[in-house]
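K.L.:
Dropping a structure here in structure tokens format, bear with me for questions.
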Amino acid sequence: MLGGFLAFLSAAAFSLNNAAARRGVVSGSVWQGLAVSVPIGVPFFFVALLIFGSLNDLGTFTPANMAWLGAAGVLHFVIGRYANYRGTKAIGSNLMGPIQDTNILVSLGLAVFWLGEKLSAIMALGIILVCIGPALTWRRRGAKPAAGTSGPAPSAFNPAWGEGVFFAVVSALAYGTSPVLVRLGLDGGSVGRGAAAGLISYIAASGAVALLFMRPGSLADLRATGRGNLRWFVFASFAVGLAQLLRYMALALAPVTVVAPMMRLSSLFRVYFSWLINREHEIFSRGVLLGTVVSVAGALVLSVQVDVARSVLPAWDWIAALLAWRWP
């Protein structure tokens, strides 16, 4: 239960990060956002370890654990984040969300076939609802805005669809694979151990970013970051640091099949934060309210344990058989 709640909070923090990063890349570059956001994660997680009193947990990881966590950090914080920022710059965070939600299929597929986790009927229903909800927020291309809304006209922002969709898919693959790598590196544990795992991942990612910025012109691009963009990138960095801390702690307590679906609620939070921060730089749809109701229902279903469902539902044979179902 606690793992699912931490994943829920992480989803909200991720969406705030996306809205802030979107504001930064409107006039700034993706590389600037990457250079600011990734290194900040190291001191953020180190302070978290001090708060939890979990510095000793760093010594509990084997070289193999650290290799998995390092790979997860580079894949998620460097490759996935670059693709996320690049796609967000092209089509906006609202339109990125439904495409990125396909990463749940990657996470769950790898969790089932690689980690040996199993799906129950209740989890399957929750996953379906959580996946459907964000998709309802994606307005059809060319659709008119809802009557009475105060948002901008559709022409206020013209998405670059080809670039945006490509990088949205890349980010979905990266974000879908990384939770499985984190789970392999953690191999169970406490919230403090989860924070320690996050620090290892961020150190590896920061090293990769440092290597990338050795290419010609990179430092000049970083020095050209405007003050306004820098403020948004720093704000996004702290938001994503909190989100990642909560995600690693959630993965230390709960299986990927619970954490990954709960994280999909970020698409719904993203719409609301985008409306508050980036109204003139995003596209909004009529389906936001319906999508919220459906996804929250899915999140609640995911939090229900099979034993609790047995005690509440009628003891009919077909219900008992359904609750006993596992896949594979």
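The values are calculated or read from the model by the stated rules, or taken from the named source; none is laboratory data. Note that the structure is predicted; figures quoted are calculated from it, not measured. Quick reminder, even Gly has a Cβ in these numbers, built from the backbone with ideal geometry, and neighbours come from all protein chains shown.
K.L.:
Are any residues in the stretch 8-43 of a type in the set (Gly, Ala, Ser), part of a helix (DSSP H, G or I) and either modelled with pLDDT under 90 or in contact with an Asp or Glu (Cβ under 6 Å, 6 or more places away or on another chain) (or both), and if so, which ones? Can you show your working first?
P.N.:
Within the stretch 8-43, the first condition is being of a type in the set (Gly, Ala, Ser), and the residues that meet it are 10-13, 15, 19-21, 24, 27-29, 33, 35, 37, 41.
If we keep only those that are part of a helix (DSSP H, G or I) too, we end up with 10-13, 15, 19-21, 24, 27, 33, 35, 37, 41.
Matches in the stretch 8-43: Ser27 only.
K.L.:
Next question, about the same structure. Here is a list of conditions, (1) at pLDDT 85 or above; (2) under 17 Å from Tyr85 (Cα atoms), and Arg227 meets all of them except one; can you say which number that is?
P.N.:
The failed condition is (2).
K.L.:
Looking only at residues in the stretch 200-224 that are of a type in the set (A, V, I, L, M) and not in a helix (DSSP H, G or I), which one is modelled with the highest pLDDT? Break it down into steps so the answer makes sense when it comes.
P.N.:
At the first step, the residues of the stretch 200-224 found to be of a type in the set (A, V, I, L, M) are 200, 203-205, 208-212, 214, 219-220, 222, 224.
Restricting the remaining residues to those that are not in a helix (DSSP H, G or I) gives 214, 224.
Values: Met214: 85, Ala224: 88.
That would be Ala224.
K.L.:
With the condition kept exactly as written, say whether any residue in the stretch 29-42 is crowded, with 19+ Cβ neighbours inside 10 Å and farther than 29 Å from Ala168 by Cα.
P.N.:
no
K.L.:
So, in the stretch 254-296, how many residues would count as being modelled with pLDDT under 80, of a type in the set (S, T, N, Q) and within 18 Å of the chain's Cα centre (by Cα)?
P.N.:
4
K.L.:
Still on this structure, I have one more. If I go through the stretch 99-142 residue by residue, how many of them are buried (at least 19 other Cβ atoms within 10 Å of the Cβ), within 15 Å of the chain's Cα centre (by Cα) and either at pLDDT 85 or above or in a helix (DSSP H, G or I) (or both)?
P.N.:
Within the stretch 99-142, residues that are buried (at least 19 other Cβ atoms within 10 Å of the Cβ), within 15 Å of the chain's Cα centre (by Cα) and either at pLDDT 85 or above or in a helix (DSSP H, G or I) (or both) number 10.
K.L.:
Are there any pairs with C-beta distances below 7 angstrom linking a residue in the stretch 175-199 that is assigned to a helix (DSSP H, G or I) to a residue that is of a type in the set (Asp, Glu), with the two at least 6 apart or on different chains, and if so which?
P.N.:
Hits for this filter: Gly192/Asp57; Arg193/Asp57; Ala196/Asp57.
K.L.:
I'm checking my understanding of the structure. Among residues of the stretch 297-307 that are modelled with pLDDT under 80 and surrounded by fewer than 16 Cβ atoms within 10 Å (Cβ to Cβ), which one is farthest from Asn17 (Cα to Cα)?
P.N.:
Here is the first cut: in the stretch 297-307, the residues modelled with pLDDT under 80 are 299-300, 302-305.
In the following step, the residues that additionally are surrounded by fewer than 16 Cβ atoms within 10 Å (Cβ to Cβ) were identified as 300, 305.
On the way: Leu300: 24, Gln305: 31 Å.
Selected residue: Gln305.
K.L.:
Among what's in the stretch 216-249 and is in contact with a Ser or Thr (Cβ under 7 Å, 6 or more places away or on another chain) and charged (D, E, K, R), pick the residue that is nearest to Asn18 (Cα to Cα).
P.N.:
Here the residue is Arg247.
K.L.:
Exactly one condition in (1) closer than 23 Å to Ile99 by Cα; (2) surrounded by fewer than 22 Cβ atoms within 10 Å (Cβ to Cβ); (3) among the aliphatic types (A, V, I, L, M) is not met by Val234; state its number.
P.N.:
For Val234, the exception is condition (1).
K.L.:
Shifting gears a bit: Please work out which one of (1) within 26 Å of Val47 (Cα to Cα); (2) out of contact with any Phe, Trp or Tyr (no Cβ under 9 Å at 6 or more places or on another chain); (3) in contact (Cβ under 8 Å) with a residue 40 or more places away in the chain is the condition Leu211 fails and give its number.
P.N.:
All conditions are met except number (3).
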